[in-house]
Structures are given as C-alpha cells and as structure tokens.
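Asks: Take this structure, written in structure tokens, and hold onto it; I'll ask about it next.
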Amino acid sequence: MSDKKRRSQHWYGKLDKDGFIHRSWMKNQGFPDHAFDGRPIIGICNTWSELTPCNSGLRVLAEAVKRGVWEAGGFPVEFPVMSLGETQMKPTAMLFRNLLAMDVEESIRAYGIDGVVLLGGCDKTTPGQLMGAASVDLPTIVVSSGPMLNGKWQGKDIGSGTDVWKFSEDVRAGDMTLADFMAAESGMSRSAGVCMTMGTASTMASLCEAMGVCLPTNAALPAVDARRTALAHLTGKRIVEMVEEDLVLSKVLTKANFENAILANAAVGGSTNAVIHLLAIAGRMEIDLRLEDFEIGGEIPLLVNCMPSGKYLMEDFCYAGGMPVVLKELGDRLRSANTVLNKDISTYADGAECFNRDVIRPFDDPLKPAAGLRVLKGNLAPEGAIVKPSAASDHLLSHEGKAHVFETIEDLKATIDDPDLPVDETTILVLKGVGPKGYPGMPEVGNMPIPGKLVKQGVRDMVRVSDGRMSGTAFGTVVLHVSPESTAGGPLALVETGDTIRLDAQAGVLELLVDDAELERRRAARTEPDPHYTRGYARLYIDHVLQAHQGADLDFLVGRDTRLVTRESH
Ligand code: FES
Ligand code: MG
C-alpha cells in the first residue's frame, strides 16, 4: 500500500467524536473492533429487488462476495441502491437509469468505503451502476446476476423477449392460440437471472467481460450455477487486492477498453442499447467516445449464435465456453487494455476452449460477415441513428419506400390494426415522440408491431424508423436512436405520410427525400409538444437529458468528481 491514508480511515480511523459516531453506530450490527483497524472496507452495491426479478439472485451473490472479502482481510458492507426492473417499470426503466447512477455515485461518495463491488444484471442496472461508480473513481468491480436457465415450453427452448415478440405476432396472425400464449409465460422465466437471450443484460455483462471490469466467465454462467457463486466469492477477494493496489476504475478503463467492447458487441450480436450505455459510461470517465467510433465494429463478423441474432440461448453459450472463447477468436483485433486483474485483456482468453462450434463460430467461419451495428447519417438523422444488421432482413437493409407516420405511440396503438391502414410491405413505418425527452426516457418501442393486415398476410419485417430504442431481445430492420429526436425539433418531426425515405445500411445513409424549401415550410409551421411531466425527477430529466448520440445522460452528470468529502455530519 502507498502511504496515502486509506479513504475509509477518514471515517473510521479518527480518535474523536466523529470517529466515535461512525464506529459506534456500525457496531450495533455486531462488528468487532478489528473491523475498523484500517483494513479495506468494501461496499457491495446491491440492486436486489423483488420488483427486479432479473436481479432476485443477488442476495446469494452478495453473501458470497462477503466471504471473499473477509477471507482476503477486508470488511464488507452491503448497501442497497435503487433497482430498475426493466419488465415492470412504466413508462420505461431507461427514464431512471440516470437516477440510479446518481444514487450509486452519491452513495459511494458519501460513505467510508475504499472499493466497491457492483451487483447488477437487469438491463439498466449494469450501466447505471458503472456510470455512477465512474464519477467517483474508486477501485470497482462488477458481478452480474447471470442469465436465467434456458426457457422451456412444449419440448422446445424459448428465449426471453425474442419469443415474446414472435408469439405476440403469431397470435395477431391467428397462428397461435391465446391459451398457448399464456401457457408459455411460466416456461419462459423459470429460474433467477436475467433474460437468457443476448438481450441488453447479457450484452452488457458480455461487454463488461470484454472491457475487463469483471472476472473472466462472469457474463455467461447461469444465475443459479454454483460456479457463479464461487465467482462472486473470488470477486470479493480480488476487490480487496485492488484496493491494496490502488487500482481505481480510471486505471482500468481507457478508450481501448471501450473499443474492445464495441468489437465484442459485434461478435456476440449484442444489443443496440449498448451504444447509449457505453457512450454514457465513457462520458463519466471523460473518455472521448463518439457514435462514429462504433463503426470499428462494422467489419466484425457475428460469432455467437444466440437469439435474437441466432438460435441458441445463454446457457448454451456458457457451456460452449462463453466470452473467453469470443475474446480468443477476436485475438489480435482486440486493443491492448488493462483489466481488474491489472493484466492485459488478452489474459482473459488464456486456456479458452470452444466446446460447441455451432454456438460460437470461429472468426473465419462466422454466422454472418460484417455484423456490427451500422451508424447512419443523413438529413433525417444529422447526429446519427443506428441499425443492427445481424438482427435485420438482408433485403431491407438497402430500401427506399414511402413513409407512414405515427405522430405518437397512442396514434400507433389506435391505428396499427386498422384494416384500411394505407400500408404495404414496402412502406417505412415512422414513429415520432419516443426519444429521451419525448416519451420521456426513450422507451423500447422502436420495433413497432407489423400492421395487423400485413401480419395476417405473413409479413414479418418492415423498415421501421424512430427516435426510440428497442429491446436487446428484439429483431427486425429497425432504425433506432434517430438524433436529434423529434420532440427536440429534429428533422424526424417534419416527416409526413407519403414522403420517401431512403435507407442504405451498408453506406450508412438515412435520407428523407423531401427538398429543403418544403422542410423549412414544415419547420415554420411546427408547434412544440407539451411536456408530459411538469414536476419531479421526470421534469429534471426532460430539462437536462442529452440526446441519444451523446448517451442520454443528464448534462450536469457528465464527468467526475473524485474529491474526498471532508465536511463531517455532526
Ligand atoms: Fe431484466 Fe431482460 S428484463 S434482463
Ligand atoms: Mg429492455
């Protein structure tokens, strides 16, 4: 250890009234004197909640982390932070990602801890925790919930989210009974853990591994696998060493780690939501990551055959070898970058072996070539938009068609099944008002349902364009994150039914083929929509949220403040 006084000693090492207060009240939990003798105090930041079912296994993992911390000579203290249940919160858990990040940041800063273990899993919890931790910059390590066991129903594997979207369209098309639909619910989610498709949760866990902010194998071990509990124990040991080594987060994460995350996201067929989350985390770290940087993933092939881009599930990915195999396949393409082990990321692939080549393909025999997310630009998205080719239909990735515009989500819900809706399979569906300020919170509604009359004809994909997001479990030729959003006056606000839109994913183009004079006329006639919220956190959010291409953080939360708080509570 350096001669720098340990952070926790500014709370517990004081032989005065303040030290008395800090220690005495903690002792009401039965901690002995030696817990305060200067050993590393490790915060375990837990997003466990019964309203976040994906994180319901985190109590078990917290206990395992504590064992590891004690074993290594540290003192573990668990604390709760706001939890974000993706499937339970309205209008969208994304509205609260930045609120969780504030909770995490201020909890870490205000308490006398030396290092922190982040226990998260469900979609927004991982990025929210990393954003908050990044703004304080203590030694930090992640343990993820881990995926649920594979969904099972009627003798088949079914995937979280992905099969919900499929079944729901089957019911609308008359190909599945409502009784069967309801029966599938219990088979889909049958253990603790996060979505077992390569949705946003498993994507973010996979990217944590590629970024080196968790121990190897953290991404894919099932939530209920005893090896995950052992990994949590080992993580507890490691965070104590990280405090001794003063290995703060900014000594682990540099731009290279984010570039590795982008490469890995392409290889695993990861979620579009990773873009917004990585941009936001980098913003906290004061790392200059931009939407354009995601283009480096463009030439990386799809290696992992998991839903929604492929057919398997996370349990299969784990048994095939998991992220260490993916990192091995990426090989020299990975940037040299540090990890929580204080070793290069290449060491995460040491000893990796693939046990099922249909689940994880070799780099030179991929599932799809050039599968990474495409960044789109053009007069319809001056600051960018994205599309995920690995989950799209090849024939629609280059497409010109007439727009059918839904002005609001309510407009869409009211008219999508209208038998007279003037659309065919070449129509481009456009949805406005679902960006960060618009909904608010940029909900996962960008994968609009296929209009009822077309779904009955067997149409399962159309080009869809919005300023919203889509679930990491979703699929289709869906253009997302159009920036600036329509509610903020972006050109998307000016699109009218019947306009022609051109998408060319390969060339990175999204154009509205309407001349400038006409667009100016429409702009002048436009009126500002009224905000949906006038008070509380949602008001703060609407007033301060950045656009999608900037990570949708609140403007005043970008960056960090690593100062020690010196003013005492009494
Ligand atoms: Fe929580 Fe998918 S809804 S991980
Ligand atoms: Mg989601």
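Asks: So, in the stretch 249-285, how many residues would count as being in contact with a helix residue (DSSP H, G or I) (Cβ under 8 Å, 6 or more places away or on another chain), more than 16 Å from ligand 1 (Cβ to nearest atom) and not in a helix (DSSP H, G or I)?
Replies: 1
Asks: Here's another thing I want to ask about it. If you take the residues of the stretch 469-485 that are out of contact with any His (no Cβ under 8 Å at 6 or more places or on another chain), more than 17 Å from D163 (Cα to Cα) and part of a loop (DSSP other than H, G, I, E, B), which of them is nearest to ligand 1 (Cβ to nearest atom)?
Replies: Of everything passing the filter in the stretch 469-485, E485 is nearest to ligand 1 (Cβ to nearest atom).
Asks: All but one of (1) touching an Asp or Glu at 6+ places or on another chain (Cβ under 7 Å); (2) surrounded by fewer than 21 Cβ atoms within 10 Å (Cβ to Cβ) hold for M89, so report the exception by its number.
Replies: It is condition (1) that M89 fails.
Asks: Among the residues of the stretch 189-248, which ones are within 16 Å of ligand 1 (Cβ to nearest atom), of a type in the set (A, V, I, L, M) and either buried (at least 20 other Cβ atoms within 10 Å of the Cβ) or under 18 Å from N338 (Cα atoms) (or both)?
Replies: Of everything in the stretch 189-248, those that are within 16 Å of ligand 1 (Cβ to nearest atom), of a type in the set (A, V, I, L, M) and either buried (at least 20 other Cβ atoms within 10 Å of the Cβ) or under 18 Å from N338 (Cα atoms) (or both) turn out to be A192, V194, M196, M198, A201, M204, A205, L207, A219, A220, L221, A223.
Asks: Moving on. Give the stretch 205-248 a look and list any residue that's acidic (D, E) and not in a loop (DSSP other than H, G, I, E, B), or say none. First the steps, then the outcome.
Replies: Just the residues of the stretch 205-248 that are acidic (D, E), to begin with: 209, 225, 241, 244-246.
Of everything in the stretch 205-248, those that are acidic (D, E) and not in a loop (DSSP other than H, G, I, E, B) turn out to be E209, E241, E244.
Asks: Find all pairs meeting these conditions: Cβ atoms under 9 angstrom apart; at least six residues apart or on different chains; first residue within the stretch 126-154 and on the phi > 0 side of the Ramachandran plot; second residue within 16 Å of ligand 1 (Cβ to nearest atom) and part of a strand (DSSP E or B).
Replies: Final answer for the pair search is G146/V194.
Asks: Somewhere in the stretch 139-156, is a residue surrounded by fewer than 24 Cβ atoms within 10 Å (Cβ to Cβ) and either polar (S, T, N, Q) or within 30 Å of R7 (Cα to Cα) (or both)? Walk me through how you get there before you give the answer.
Replies: Taking the stretch 139-156 first, the residues surrounded by fewer than 24 Cβ atoms within 10 Å (Cβ to Cβ) are 149-150, 152-156.
From what's left, either polar (S, T, N, Q) or within 30 Å of R7 (Cα to Cα) (or both): 150, 154.
There is at least one residue in the stretch 139-156 that is surrounded by fewer than 24 Cβ atoms within 10 Å (Cβ to Cβ) and either polar (S, T, N, Q) or within 30 Å of R7 (Cα to Cα) (or both).
Asks: Report yes if some residue within the stretch 317-330 is surrounded by 21 or more Cβ atoms within 10 Å (Cβ to Cβ), touching a residue at least 60 places away in the same chain (Cβ under 8 Å) and within 28 Å of L546 (Cα to Cα); otherwise report no.
Replies: no
Asks: Out of everything in the stretch 298-316 that is in contact with a Gly (Cβ under 6 Å, 6 or more places away or on another chain) and at pLDDT below 95, what residue ends up being surrounded by the fewest Cβ atoms within 10 Å (Cβ to Cβ)?
Replies: The selected residue is G298.
Asks: Among the candidates A226, A220, single out the residue that is away from ligand 2 (no atom under 16 Å from the Cβ) and free of Cβ contacts under 8 Å to residues at least 40 places away in the same chain.
Replies: Numbers: A220 fails: free of Cβ contacts under 8 Å to residues at least 40 places away in the same chain.
Unique residue meeting the criteria: A226.
Asks: In the list S135, S145, which residue meets the criterion of being closer than 26 Å to G551 by Cβ and within 16 Å of ligand 1 (Cβ to nearest atom)?
Replies: Answer to the check: S145.
Asks: Oh, and also: Please tell me if R469 is touching a Ser or Thr at 6+ places or on another chain (Cβ under 9 Å) and in contact (Cβ under 8 Å) with a residue 60 or more places away in the chain. If you could, list the steps in order and put the result at the bottom.
Replies: Details: touching a Ser or Thr at 6+ places or on another chain (Cβ under 9 Å): yes; in contact (Cβ under 8 Å) with a residue 60 or more places away in the chain: yes.
So R469 passes the test.
Asks: What strands (runs of 3 or more DSSP E), lying completely within the stretch 331-445, carry at least 1 residues that are closer than 30 Å to T217 by Cβ and in contact with a Leu (Cβ under 9 Å, 6 or more places away or on another chain)? Steps first, please.
Replies: On the way: elements: 374-378, 381-387, 398-406, 428-431.
Hits in the stretch 331-445: 381-387.
Asks: Looking only at the stretch 516-549, which residues are touching a strand residue (DSSP E or B) at 6+ places or on another chain (Cβ under 8 Å) and crowded, with 18+ Cβ neighbours inside 10 Å?
Replies: Hits for the stretch 516-549 are Y541, V545, L546, Q547, A548, H549.
Asks: Sticking with this one: Looking at the stretch 435-490 only, could you name the residues that are within 16 Å of ligand 2 (Cβ to nearest atom) and among the basic types (K, R)?
Replies: Filtering the stretch 435-490 for residues within 16 Å of ligand 2 (Cβ to nearest atom) gives 436, 439, 441-448, 466, 468-476, 478, 480-481.
Matches in the stretch 435-490: R469 only.
Asks: Do we find that L279 is away from ligand 2 (no atom under 16 Å from the Cβ) and closer than 19 Å to T47 by Cβ in this structure?
Replies: Numbers: away from ligand 2 (no atom under 16 Å from the Cβ): yes; closer than 19 Å to T47 by Cβ: no.
Answer is no for this residue.
Asks: Looking only at the stretch 336-349, decide whether some residue is aromatic (F, W, Y) and either farther than 27 Å from T125 by Cα or in contact with a strand residue (DSSP E or B) (Cβ under 7 Å, 6 or more places away or on another chain) (or both).
Replies: We begin by selecting, within the stretch 336-349, every residue aromatic (F, W, Y); these are 348.
Retained after the next criterion (residues that are either farther than 27 Å from T125 by Cα or in contact with a strand residue (DSSP E or B) (Cβ under 7 Å, 6 or more places away or on another chain) (or both)): none.
No, the conditions are met nowhere in the stretch 336-349.
Asks: Can you name the strands (runs of 3 or more DSSP E) wholly within the stretch 60-170 that have at least 2 residues being touching a Lys or Arg at 6+ places or on another chain (Cβ under 6 Å)? Quick ask: steps written out before the conclusion?
Replies: Details: elements: 75-80, 115-120, 140-144, 151-153, 156-158.
The qualifying strands (runs of 3 or more DSSP E) are 75-80.
Asks: Looking only at the stretch 171-197, which residues are part of a loop (DSSP other than H, G, I, E, B) and touching a helix residue (DSSP H, G or I) at 6+ places or on another chain (Cβ under 6 Å)?
Replies: M176, C195, M196, T197
The values are calculated or read from the model by the stated rules, or taken from the named source; none is laboratory data. Quick caveat, the model's predicted, so the values are computed rather than measured. All Cβ positions, glycine included, derive from the backbone under ideal geometry; neighbour counts span all protein chains shown.
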